[in-house]
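Peer 1: Sharing a structure, written as structure tokens. Questions coming.
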Amino acid sequence: MRTPWLTAVLARGGQVDPGLPWRAGPAESWEDELRRGHVRRVVGDVLVAGDVGVDAVADAPVRAQALALLLPPRVVLLGVAALWVHLGHPLAAPSVLQVAGSRSGTTVEVGGLTVQTSRVRPSPGEVSTVGGLRVSTPARALLDAATAHPQRAGRWRSALTTAGLLDEDAVHDASGAARGRIGVRVARQALSLPRSAPPRPVSPSAAATP
């Protein structure tokens, strides 16, 4: 049964779907409800109702919708936070969100998280949409994350592969497209990638001379 506090939160601003994330405001207003299991934290100050269930919180669209509440419109989520949207566990909810598409070089605090704007922008082919939020693809997110955290790159790559989320050709393509960027050499070493993408196999029909 929901408490009067939770009923008031859900009613705030009109009709609210309790199965979707919402921002609850200052932590002192909901920490007790969190301990009682009336709500679940998704990330930062974004919650879902406690009776939504763990499985819903574990869904990529819910994670994306939660972060979308904290970010400016039309940005692209990058790096470790993008990996968290795609993969969820075993990654912990991020405390830092790196984005592209807003004013570069800015850092702001939103909902208990740090939002940093990167000068590096993924190409259109390296962006996917999850739950209405634009995020870098698993391959691009992995490469970007590996530049900052090379010691974790192998574990993330293994988890993405196990989940069926990683296209190895896309990883090599992302590596080739990142040539010259700061930290890419470290990322390639951590992911055991060659300096350039391996040649794609050519079908006999394509190689045949007319």
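The values are calculated or read from the model by the stated rules, or taken from the named source; none is laboratory data. This is a predicted model, so every value here is computed, not measured. Note that we place each Cβ from the backbone using ideal geometry, even for glycine, and neighbour counts take in every protein chain shown. Just the protein is used for accessible areas: all its heavy atoms, side chains included, with ligands, DNA and RNA removed. Shrake-Rupley method; radii C 1.70, N 1.55, O 1.52, S 1.80 Å.
Peer 1: To the nearest 10 square angstrom, what accessible area does His172 show with a 1.4 Å probe?
Peer 2: For His172, solvent-accessible area is about 40 Å².
Peer 1: Enter the accessible area of Asp17 (Å², nearest 10), with the probe set to 1.4 Å and all protein chains included.
Peer 2: 80
Peer 1: Taking amide H positions as placed in the peptide plane 1.01 Å from N, state which residues far from Gly88 in sequence (5 or more) or on other chains have amide H under 5 Å from it.
Peer 2: none
Peer 1: Relative to the Cα centre, what is the charge dipole magnitude of the range 29-181, using +1 at the beta carbon of each Lys and Arg, -1 at the beta carbon of each Asp and Glu, and rounding to the nearest 20 debye?
Peer 2: About 480 debye.
Peer 1: Can you send over the carbon and sulfur percentage of the accessible area for the range 68-154, probe radius 1.4 Å, protein chains only?
Peer 2: After summing per-atom areas, the C and S share lands at 51 percent.
Peer 1: For the pair Glu28 and Glu109, how long in nm is the line joining their label points, each one 7 Å along Cα→Cβ?
Peer 2: Label-label distance for Glu28 and Glu109, simple model: 1.5 nm.
Peer 1: I'd like the per residue volume of the convex hull spanned by the Cα atoms of the range 76-178, given in cubic angstrom.
Peer 2: 103
Peer 1: Let me ask something additional. Given the C-alpha centroids of the range 67-85 and the range 89-163, what is the distance between them in whole angstrom?
Peer 2: Distance between centres, Cα-based: 7 Å.
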